[in-house]
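The values are calculated or read from the model by the stated rules, or taken from the named source; none is laboratory data. Note that the structure is a prediction, hence the values are computed from the model and not measured. Backbone-built Cβ (ideal geometry, glycine too); neighbour counts: all protein chains shown. The area values use the complete protein model at the heavy-atom level, side chains included, leaving out ligands, DNA and RNA. Shrake-Rupley method; radii C 1.70, N 1.55, O 1.52, S 1.80 Å.
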Amino acid sequence: MLAETVLTGLLLASSAVAYPAPNPVQFLKRAPDAGVVIQKCANPGMLALAYDDGPYQYTSQLVDILDRGGAKATFFWTGTLYGCIYNQAAAVKKTFASGHQIASHSWSHGYMGSMSESQIRSEMTRLEEALVNLIGKKPTYMRPPYLQTSGVFLPTMRSMGYKVITNDVDSGDWNNQSPQQSQQAFQRAGAHGNGHISLMHETYASTVNTLTPWLINWANQNNLKLVTVAECLNDADGMYQPGNFTGNGRNYC
């Protein structure tokens, strides 16, 4: 027993020598872990514009507004919430080609906190297949519908390698907030400290045509860089699973 204790102590000591503690700066700059809820950016001076529930009839118009303003954004898309994703194939391809981040919002926008693991996996893989068919990529970022993260949801996301995003600024557009009220939410959050991750919806014309142009101007006035969620988390190269994938043509709509 004594010999085992001494041996264990020697092994721990040697491990400490062989594997020094990570540099705190390097630790803070590492890419986010899968299956962990992330609410805000890791860097100051950034604002991550993030839109849910598309693709929709305003997607192409929104991309044009963002591109004219020199802004990048993240699109959390579903497969069937506002019609079949394949019916918006041109807008999907345009968004990806413009350098915006494509992420998952599940296939059908169900209550994933109350789903079984197999149901959650089906929700995620169906959207993965659609995106592979359309842009040849599988996302590594997702935002849960209704921001539900209970039950077996987070362990399932961890095993699937998904980084889970919520928000720290809510535009309230889903709750009948006017663009002016949404603007006040961003002003209250302020332009200092670590950057913000927004919750907005591209399915509202007022968010696309009024709030987004205002945000571009507000960011410019406050020296904020408008970036993808991945970039604001020091993970610009981690938006998608490595490599290209071959589509199977399957359509679950």
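This table checks each residue for (1) within 22 Å of residue 140 (Cα to Cα); (2) modelled with pLDDT under 95; (3) out of contact with any strand residue (DSSP E or B) (no Cβ under 6 Å at 6 or more places or on another chain).
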residue	(1), (2), (3)
41	yes, no, no
47	yes, no, no
58	no, no, yes
64	no, no, yes
69	no, no, yes
73	yes, no, yes
79	yes, no, yes
85	yes, no, yes
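Just the residues that are open to solvent by less than 20 Å² (accessible area, probe 1.4 Å) and among the hydroxyl-bearing types (Ser, Thr, Tyr), please, taken from the range 88-122. Across the range 88-122, the qualifying residues are 95, 104, 106.
Could you count how many residues in the range 91-116 are in a loop (DSSP other than H, G, I, E, B) and either polar (S, T, N, Q) or under 22 Å from residue 227 (Cα atoms) (or both)? Can you show your working first?
Taking the range 91-116 and keeping what is in a loop (DSSP other than H, G, I, E, B), we get 98-100, 105-111, 115-116.
Retained after the next criterion (residues that are either polar (S, T, N, Q) or under 22 Å from residue 227 (Cα atoms) (or both)): 98-100, 105-106, 108, 116.
Summing the residues that are in a loop (DSSP other than H, G, I, E, B) and either polar (S, T, N, Q) or under 22 Å from residue 227 (Cα atoms) (or both) in the range 91-116 gives 7.
Filtered by the rule that a residue be modelled with pLDDT under 90 and open to solvent by 100 Å² or more (accessible area, probe 1.4 Å), the range 23-39 gives 26, 28, 29, 30. Considering only residues of the range 68-112 that are under 29 Å from residue 223 (Cβ atoms) and small (Gly, Ala, Ser), which is nearest to the chain's Cα centre (by Cα)? Taking the candidates together, the pick is 103.
Among the residues making up the range 117-156, those that are over 22 Å from residue 238 (Cβ atoms), assigned to a helix (DSSP H, G or I) and of a type in the set (Gly, Ala, Ser) are 118, 122. Taking the range 150-165 as the range and being open to solvent by 10 Å² or more (accessible area, probe 1.4 Å) and in contact with a Ser or Thr (Cβ under 8 Å, 6 or more places away or on another chain) as the test, the residues that pass are 150, 151, 152, 161, 163.
Each residue in the range 184-213 was checked for being of a type outside the set (Gly, Ala, Ser) and open to solvent by 30 Å² or more (accessible area, probe 1.4 Å), and 9 pass. Restricting attention to the range 214-249 and to residues that are among the polar types (S, T, N, Q) and at positive phi, the residue that is least open to solvent (accessible area, probe 1.4 Å) turns out to be 234.
Looking across the range 43-79, just one residue is charged (D, E, K, R), touching a Phe, Trp or Tyr at 6+ places or on another chain (Cβ under 8 Å) and not in a strand (DSSP E or B), and that is 53.
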